[in-house]
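Have a look at the structure below before the remarks.
Just so it is clear, none of the values below were taken in a lab; they were calculated from the coordinates. Bear in mind the structure is a predicted one, so any value in this text is a computation, not a measurement. Cβ coordinates were reconstructed from backbone atoms using ideal geometry, including for glycine residues, and neighbour counts include every protein chain displayed.
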Amino acid sequence: MKLYYSPGACSLSPHIVLLESGLAFQAVMASTKTHRLADGTDYYTINPKGYVPLLELDSGERLSEGPAIVQWIADQVPEKKLAPPAGTMARYRLVEWLNFISTELHKGFSPLFTPGMPEEAKALFRSKLGDRFAHVDAALAEPPYLLGEDFSVADAYLFVVSSWAKHVGVDLSRFAHLARFLERVGARPAVQQAMRAEGLIRGG
Ligand SMILES: N[C@@H](CCC(=O)N[C@@H](CS)C(=O)NCC(=O)O)C(=O)O
């Protein structure tokens with residue numbers, strides 16, 4: 001199995017989840033800047049959408065879209081409890097979070113990374129993200145993870161998108177519950193390993 005990723009991008013979420021799962025995989029870098037692999041292959045020939053993440057199964061079948069990829073991985077290893085069983089209310093809570101993180105947080109950050117975006121527009125996106133993170137912070141006031149006691153694939157995704165805030169001037173310092181959550185998730189061995197593999201941290 002292969003995961004196509006770009007360092008520090010949203011593909012870090014399935015990278016973490018693959019390491020949490022214990023499944024064998026190869027991480028293949030597909031830079032979001034050049035859209036080329038290290039050997040020069042045009043990434044659009046692999047994923048016509050041009051973006052990461054993309055998971056290539058051993059059968060050769062390819063799956064895109066982060067929320068779909070992380071659920072597929074979780075469902076291969078139900079004993080790891082990375083996602084609640086399909087059909088349960090808890091599973092819909094997971095999908096609810098994945099959709100929120102994807103559409104309200106992840107895509108709220110995207111304009112802040114867009115070259116040429118006017119400062120006035122960026123200020124509006126930062127303010128909207130602040131509102132959305134306030135919702136996340138309140139949800140983490142008591143439970144250690146988004147779904148309660150168990151770490152899930154939604155926590156990996158939230159960790160990754162939250163890590164972008166400091167690079168684009170989104171101030172999360174007022175969210176104490178979120179800060180503790182990020183510390184907790186950031187200390188997980190799989191998270192450390194994925195970040196080291198992507199060159200985001202050193203040592204260990
Ligand atoms: N809807 C996609 C969005 C993925 C996405 O936004 N990927 C970004 C990195 S975080 C990317 O590869 N951007 C480069 C590009 O769009 O060409 C998903 O949820 O997987």
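Return the ratio Rg/(2.2 N^0.38 Å) for region 89-188, where Rg is computed over Cα atoms only.
For region 89-188, the normalised Cα radius of gyration is 1.07.
Using only alpha carbons, build the gyration tensor for the chain and give me the equivalent ellipsoid semi-axes, biggest first, whole Å.
In descending order, the three semi-axes are 25, 23, 16 Å.
What pairs in Lys2/Lys122; Lys49/Lys128; Lys80/Lys128; Lys2/Lys81 have C-alpha atoms more than 31 Å from each other?
Cα-Cα > 31 Å for Lys2/Lys122; Lys80/Lys128; rest within.
Can you work out ³J(HN,Hα) from phi for every residue in region 183-191, in order, using Karplus 6.51 cos²θ - 1.76 cosθ + 1.60 and θ = phi - 60°, giving whole Hz and x for Gly and Pro?
Per residue, the Karplus-derived 3J(HN,Hα) values read 5, 4, 5, x, 8, 5, x, 5, 5 Hz.
Between Ile16, Ile73, Ile46, which gets the highest mean-square fluctuation from a Gaussian network model of the chain, Cα cutoff 10 Å?
Taking springs between Cα atoms under 10 Å, the residue moving most is Ile46.
Which far-off residues, 5 or more places away or on another chain, put their amide H under 5 Å from the one on Ala27, with H placed in the peptide plane?
Result for Ala27 returns Leu3.
Using a simple charge model, +1 on the beta-carbon of Lys and Arg, -1 on the beta-carbon of Asp and Glu, nothing else, what dipole does the chain show about its Cα centre, in debye to the nearest 20?
380
Under 19 Å from a point placed 7 Å out from the Cα of Met1 along the Cα-to-Cβ direction: which residues of region 34-54 have their backbone N that close?
The answer is 47, 52-54, whose backbone nitrogens lie closer than 19 Å to the label point.
Take the Cβ-Cβ distance between Ala138 and Val168 as r, set R0 to 25 Å, and report the resulting FRET efficiency rounded to the nearest 0.05.
It comes out at approximately 0.65.
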